[in-house]
Each structure stands twice: as C-alpha cells, then as structure tokens.
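The values are calculated or read from the model by the stated rules, or taken from the named source; none is laboratory data. These numbers come from a predicted model, not from an experiment. Note: ideal-geometry Cβ built from the backbone for every residue, glycine included; neighbour counts use all protein chains shown.
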C-alpha cells in the first residue's frame, strides 16, 4: 500500500504538480513532503530553466527601434 502512495506522489511531483498542492491532497505539510520526496523529483530542470528564461525575457517591454529613414533620391529624366 505504501509503495502505491509513494509512486503516486512521485508521479505527481515529477509531472509538475506543485508540492503545496500534493501536500494538501495527501494530508502532509510541505516541509514533510519535500523532506521525504525531494530526492525523487527529477526531469524538471529543462522546463524550469525555460520558465526562468521566459520570465526574465524583457525584450517585449522595450520599444521597437524606429526603422532608419532613408532619403530617397529621385532621378528626373531630362534634368541634370
């Protein structure tokens, strides 16, 4: 029975369910849950790095640079 509980909790945690939510569902404190299951959580590093990079991306906040304004030179036929 305990093995099924352990499998369920590690599956939830490894699939991104927040520890606070898991702790609430199973009736544990977050501190106890993480003390027991933190070593079992794996495979989230890439997703977490992408989320951090997205949160730090401020490129959408800066105004776009104005395009350079070129003066057009018209060539008039028949005029020097």
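Observations on the model:
- Which numbered condition residue 71 fails, given (1) modelled with pLDDT of 90 or more; (2) over 22 Å from the mean Cα position of the chain (by Cα): (1)
- Top-ranked residue in segment 1-18 [being in a loop (DSSP other than H, G, I, E, B) and free of Cβ contacts under 8 Å to residues at least 24 places away in the same chain; ranked as farthest from residue 38 (Cα to Cα)]: 1
- Selection count, segment 19-40, where residues are exposed (fewer than 13 other Cβ atoms within 10 Å of the Cβ) and assigned to a loop (DSSP other than H, G, I, E, B): 2
- Residues satisfying the stated conditions in segment 29-44, i.e. touching a helix residue (DSSP H, G or I) at 6+ places or on another chain (Cβ under 8 Å) and modelled with pLDDT of 90 or more: 29, 30, 32, 33, 34
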